[in-house]
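Everything on this sheet refers to the single structure shown next.
The values are calculated or read from the model by the stated rules, or taken from the named source; none is laboratory data. Predicted, not measured: the structure shown is a model, and the values here were computed from it. All Cβ positions, glycine included, derive from the backbone under ideal geometry; neighbour counts span all protein chains shown.
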There are 2 protein chains.
Amino acid sequence: MKLYDLELSGNCYKVRLFASFANLALSFEAVDFFNAEHKSTSFMQLNPWAEVPVLTDGTLVLRDAQAILVYLANKYAGEAWWPSEAHLQADVMQWLSVAANELQHGPNKARLVKKFNVDSDYKLAESNTHTLCKLINNHLQTNTWLAANRPTIAECAIFPYIALAHEGNIDLSNYESLNLWLNRVKQLPNFISMPGIK
Amino acid sequence: MKLYDLELSGNCYKVRLFASFANLALSFEAVDFFNAEHKSTSFMQLNPWAEVPVLTDGTLVLRDAQAILVYLANKYAGEAWWPSEAHLQADVMQWLSVAANELQHGPNKARLVKKFNVDSDYKLAESNTHTLCKLINNHLQTNTWLAANRPTIAECAIFPYIALAHEGNIDLSNYESLNLWLNRVKQLPNFISMPGIK
């Protein structure tokens, strides 16, 4: 399996993190994002959405970090990280939607503005981030993990851009339960980091 | 099972549409969104995110249309609409992420501005919608259905806000393959409509 990867992308890190947790062997092909390789003809034949990560496994080509997490967990990691039982799977799925939407338009976008000078509405991204962090923090006041009472791919999908929020100049120090959860994720066996995450 | 529902919400319609396709019996509780019932204490105990739809099934409470689709399909509709095989499930999942993100920040937002006078960046929503529709249209030039070579919950997740895009003053007439697909969905057995969709 090959991951088309960008070291500084939180979305790519979602996949690298899960692969490490689940002891999956990935090969990596670095995409030269800052020279727009993701918009090249050859890359867009792989992913017309012009985004990383992309996973290939034999003839299979998958885009979208959340879909890649579902694939890897379902195919190679068994029941633990992506439950097959309906109510548990849907519990995880709620957080995959958050990872696809609120996380992108909150802490990811704030970081894109502050770290990579992307032209976007910082005030909106900052406000979205605090709305999101309050909701997650409240949830974690009575839950050890995001879903299904155990670490799942929801952790891999949500952790990266929360742990990188400080690179978007977002102060998370008031979210005590969120910070305790960040530390619990960091203490999971085979946790790996990325640049920007201590 | 009870769906906390808003007739004019495309996100609620995703669930109503799937329940009809799969012959699932839902009861409905209308949420008085326009009088902010979704921000009431009692509703926010059910869903702290203050959004519809919400599904209850016994003691289970689920938010997020995509998570509800996964739950209903997994629990009550068998293999057809939400494949359990990894590569097919991930194929569908790619579109559930699109439904959670690009669809919300494209045609849903354009409609919120034009139909419901929500204060948001219409030009951005319009541009996002055309970017999205081009990608879907290209995909459908060589695919009958969005994923897994058959109608799945991806259709239920994507169809509503594409079919409602005209209410956001978005002209889809140039997207031929997309329009053919809209018609294919409308011809599926047990298709139901909602206000704004012919």
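Given the options A:Ala65, A:Ala50, name the one that is under 28 Å from B:Trp49 (Cα atoms) and at pLDDT 95 or above.
Unique residue meeting the criteria: A:Ala65.
For B:Ile158, indicate whether it is assigned to a loop (DSSP other than H, G, I, E, B), among the β-branched types (Val, Ile, Thr) and closer than 25 Å to B:Tyr76 by Cα.
Spelling it out, it is not the case that B:Ile158 is assigned to a loop (DSSP other than H, G, I, E, B), among the β-branched types (Val, Ile, Thr) and closer than 25 Å to B:Tyr76 by Cα.
Would you tally the residues in segment B:125-144 being in contact with a Pro (Cβ under 7 Å, 6 or more places away or on another chain) and buried (at least 20 other Cβ atoms within 10 Å of the Cβ)?
Going through segment B:125-144 one residue at a time, the tally reaches 1.
Looking at (1) over 24 Å from A:Ile158 (Cα atoms); (2) at pLDDT 95 or above, which is the only condition A:Asn35 fails?
Only one criterion is unmet by A:Asn35, namely (2).
May I ask you to list the residues in segment A:133-166 that are within 18 Å of A:Leu96 (Cβ to Cβ) and among the aliphatic types (A, V, I, L, M)?
Scanning segment A:133-166 gives A:Leu135, A:Ile136, A:Leu140, A:Leu146, A:Ala147, A:Ala148, A:Ile153, A:Ala154, A:Ala157, A:Ile158, A:Ile162, A:Ala163.
How many residues does segment B:9-44 contain that are under 18 Å from B:Asp57 (Cβ atoms), free of Cβ contacts under 8 Å to residues at least 40 places away in the same chain and either among the basic types (Lys, Arg) or surrounded by fewer than 22 Cβ atoms within 10 Å (Cβ to Cβ) (or both)?
6
Consider A:Gln89 against the criteria (1) touching an Asp or Glu at 6+ places or on another chain (Cβ under 9 Å); (2) under 30 Å from B:Leu55 (Cα atoms): it satisfies all of them except one. Which criterion is unmet?
The one condition A:Gln89 does not meet is (1).
When segment B:74-109 is examined, which residues are found to be of a type in the set (Gly, Ala, Ser) and either in contact (Cβ under 8 Å) with a residue 24 or more places away in the chain or within 10 Å of another protein chain (Cβ to nearest Cβ) (or both)?
Scanning segment B:74-109 gives B:Ala77, B:Ala80, B:Ser84, B:Ala86, B:Ala90, B:Ser97, B:Ala99, B:Ala100, B:Gly106.
Mind listing just one residue for me: the one in segment A:145-167 that is under 12 Å from A:Ala80 (Cβ atoms) and out of contact with any helix residue (DSSP H, G or I) (no Cβ under 8 Å at 6 or more places or on another chain) and, of those, surrounded by the most Cβ atoms within 10 Å (Cβ to Cβ)?
This residue is A:Arg150.
Restricting to segment A:133-155, give me the number of residues that are assigned to a helix (DSSP H, G or I) and either in contact (Cβ under 8 Å) with a residue 60 or more places away in the chain or within 14 Å of the chain's Cα centre (by Cα) (or both).
Qualifying residue count, segment A:133-155: 3.
For B:Leu112, state whether it is away from chain A (no Cβ under 11 Å), surrounded by fewer than 21 Cβ atoms within 10 Å (Cβ to Cβ) and either in contact (Cβ under 8 Å) with a residue 60 or more places away in the chain or not in a loop (DSSP other than H, G, I, E, B) (or both).
Yes: the conditions hold for B:Leu112.
When you check B:Ala65 against the structure, is it touching a residue at least 40 places away in the same chain (Cβ under 8 Å), crowded, with 24+ Cβ neighbours inside 10 Å and over 25 Å from A:Ala77 (Cβ atoms), yes or no?
yes
Looking only at segment A:115-132, filter to residues that are assigned to a loop (DSSP other than H, G, I, E, B) and not β-branched (Val, Ile, Thr); which one of those is farthest from the other protein chains (Cβ to nearest Cβ)?
So, considering only residues that are assigned to a loop (DSSP other than H, G, I, E, B) and not β-branched (Val, Ile, Thr), the one farthest from the other protein chains (Cβ to nearest Cβ) is A:Asn117.
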